[in-house]
Amino acid sequence: MQSPETADRMLQIAAAAAVSKGGEDLVALNVSEPLPLVDIFLLVTGNSERNVAAIADEVEDRLIEAGHKRVRREGRAEARWVLLDFGDLIVHVFHQEERVYYGLERLWKDCPVVPIELPETVAGE
């Protein structure tokens, strides 16, 4: 497992990538207490299958460019819920309907929210 600071840097890269492709309703949860092998879940919503795929691809590309290794990817073909596992950070990119249906925020409601700090140029777009 990497340091919590590494997971936080990964979170910020992933969040900026998601927002740059139209990702909405970003929520990051510290799941390190119940899941000792993972530090953070990032939840992102896309408004169509094409948007979900574009968000997932951009997040993956930027994290790999930053030197992080993807452990696993699931759901890219359907693009309704794409899971990107980067070890300490797991990114869930949902279509709006799947986000509501699966309700991960409800399942992990006892986990603390992690602040997401987006650069001004990304946040203001």
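Nothing in this text is a laboratory measurement; each read-out follows from the coordinates by a stated rule. A quick note: this is a predicted structure, and the numbers were derived from the prediction, not measured. We place every Cβ from the backbone using ideal geometry, glycine too, and count neighbours over all the protein chains shown.
Observations, loosely collected:
- For region 94-108, the condition of being touching a Phe, Trp or Tyr at 6+ places or on another chain (Cβ under 9 Å), under 24 Å from T6 (Cβ atoms), among the aromatic types (F, W, Y) and surrounded by fewer than 20 Cβ atoms within 10 Å (Cβ to Cβ) holds for at least one residue.
- Some residue of region 84-99 being part of a helix (DSSP H, G or I) and within 22 Å of P119 (Cβ to Cβ): no
- Search result, residues across region 65-81 that are out of contact with any Phe, Trp or Tyr (no Cβ under 8 Å at 6 or more places or on another chain) and in contact (Cβ under 8 Å) with a residue 24 or more places away in the chain: A66, E78, A79
- Hits in region 72-93 - residues which are surrounded by fewer than 14 Cβ atoms within 10 Å (Cβ to Cβ) and under 14 Å from the mean Cα position of the chain (by Cα): R72, E74
- Put simply, of A53, A14, A28, A77 the only residue that is of a type in the set (G, A, S) and in a strand (DSSP E or B) is A28.
- When region 33-50 is filtered for residues that are assigned to a loop (DSSP other than H, G, I, E, B) and surrounded by fewer than 18 Cβ atoms within 10 Å (Cβ to Cβ), the ones remaining, listed by number, are E33, P34, L35, P36, L37, N47, S48.
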